[in-house]
Structures are given as C-alpha cells and as structure tokens.
Amino acid sequence: MREILLFTLWAPLAAMGEVAVGERRVGLGRPGRSALLGLVAAALGIERRDEAAHAALEQGYGLALRVEAEGTLLQDYHTAQVPAPKRGKRWPTRRAELAEAGLETILSLREYRADARHTPALWTRPGAPHPLADLARALRRPRFTLYFGRKACPLGLPPAPRIVAADTLTEAFASFDAEMPEAERDLRRRRMLLPHAGPVHADADAREWLGEA
C-alpha cells in the first residue's frame with residue numbers, strides 16, 4: 001500500500017485556462033498539473049520566481065485528479081494591456097507581453113467555470129522535497145492565499161487534506177469519501193457538494209503501482 005494525499009478543490013468561480021496570451025483566454029474543463037502544483041506551492045509559501053523549488057515539486061510528486069463537476073462555462077469581458085502587433089513576433093507568456101514597450105489596450109474575452117469541483121490526489125516520487133504530511137499541513141494553513149486559477153477566484157471550501165493508504169486510485173478516492181469527517185460532510189451537504197464519482201485523470205506512472213482508476 002502507498003500513502004496518497006487527497007484534498008477538495010471547489011470555488012464558486014474558477015479559471016482553468018491555457019497560456020494567457022492574446023484577446024481570447026479560453027477555459028478548460030479541469031485544472032492542469034501545473035495549476036495543481038502551483039496551488040501546493042502557494043500553500044508552502046514558494047514564490048513564483050523560485051524556479052528551483054517549483055522544479056522540485058514537478059519532479060517529486062505524481063498526481064491524479066477526479067473531476068466531480070466541470071462547472072458551467074461563463075464568459076466575461078475585460079480590458080487588457082498588450083503590446084502592439086509585430087510581424088512574425090509572438091509572446092510566449094503574459095509576462096513577456098507586459099515587458100514590451102508601448103502597450104495598447106484591447107477588449108479581452110475570458111472564460112471561467114462556475115461551481116467547478118475536483119479532488120486532486122498526490123503521491124511522492126523518489127527525491128520528493130517534502131513529505132505528504134508537510135503538504136497536508138500547508139494546505140490546512142497556507143502561507144499564501146489559495147485561489148482557483150485567478151486571484152478573483154478564491155476557494156469556496158477549505159481544501160481539508162487527508163492522507164490515505166491504498167493500493168489503487170479507486171480505493172484511495174473511495175477511502176477519502178468514506179472517511180470524510182462529519183463536520184466536512186455537513187458543510188458539503190449544506191452546499192449540495194457531496195462527493196461524486198467522476199472521471200479520473202492520472203499521470204502515466206500511476207498505472208504502474210496504483211492500478212487503473
């Protein structure tokens with residue numbers, strides 16, 4: 001059996017986008033691996049410029065995600081600053097856009113998800129920089145404010161992380177649901193957010209020792 005850390009990820013409004021460049025910021029149906037590890041990094045107090053610490057998280061943990069609800073697609077308009085178009089030039093990131101001189105203002109279409117809900121699961125790989133207990137502790141008392149994709153999307157429930165021992169992802173998620181503390185279950189019940197067995201997306205190495213979910 002292996003130890004697996006699971007926690008709740010839900011917000012009234014979530015932003016799960018691709019690379020944020022250009023006028024249209026499309027949204028995805030689930031958060032990506034980088035977004036979930038970024039959430040853990042924020043809980044640990046790792047700053048964005050600490051590339052070595054982020055690389056250690058990327059290499060040190062396997063990840064799976066149970067999609068309980070993709071949420072309702074919501075589109076919103078914003079004004080945004082962008083560099084003037086240049087023939088043959090593309091900017092790989094939002095930071096690169098803002099670093100250009102002579103910014104202009106455009107109307108930006110951004111996509112959000114209302115009531116998106118997921119259950120992430122993490123396990124350690126060789127050389128993991130923190131034991132799962134430290135990650136759980138950080139998610140309970142995060143150093144930085146946790147949000148679901150953008151700062152305008154604070155979490156609607158505490159992550160309530162728990163570590164379970166299981167042989168398969170199916171067992172891990174089932175144990176997480178069955179052993180949910182009554183206070184957490186009551187909080188979910190009042191918000192009509194009881195666990196739902198949705199599709200599971202997992203890293204390739206999950207199938208080697210956790211089995212198919």
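Placing a label point 7 Å from the Cα of D167 along the Cα-to-Cβ line, no residue of segment 118-134 has its backbone N under 13 Å from it. Placing a pseudo-label 7 Å from each Cα along the Cα-to-Cβ vector at D186 and A55 gives an inter-label distance of 4.9 nm. Taking the helices alone, the chain has a mean residue ellipticity at 222 nm of -7500 deg cm²/dmol, built from -39,500 (n - 2.57) per DSSP H run of at least 4 residues and averaged over all its residues. Against the set (i) 56, 40, 31; (ii) 44, 42, 36; (iii) 64, 54, 37, the structure's computed Cα extents along the principal axes in Å falls on (i).
Extension gain for A174 to R94 (0.36 nm times residue separation, less C-alpha to C-alpha distance): 24.9 nm. Net length available on complete extension from K86 to E47 is 10.8 nm, with 0.36 nm assigned per residue and the Cα-Cα distance removed.
I need the helices of the chain that pass two filters: whole DSSP H segments spanning 15 Å or more by Cα along the axis, and mean Kyte-Doolittle score no lower than -1.0.
Qualifying helices, which must be both long enough and hydrophobic enough, are 33-44.
Read-outs: derived from the displayed coordinates by stated rules, not from any lab. Everything numeric here is computed off the predicted structure, so don't read it as measured data. Counting neighbours? That spans all protein chains shown, and the Cβs are built from the backbone with ideal geometry, glycine included.
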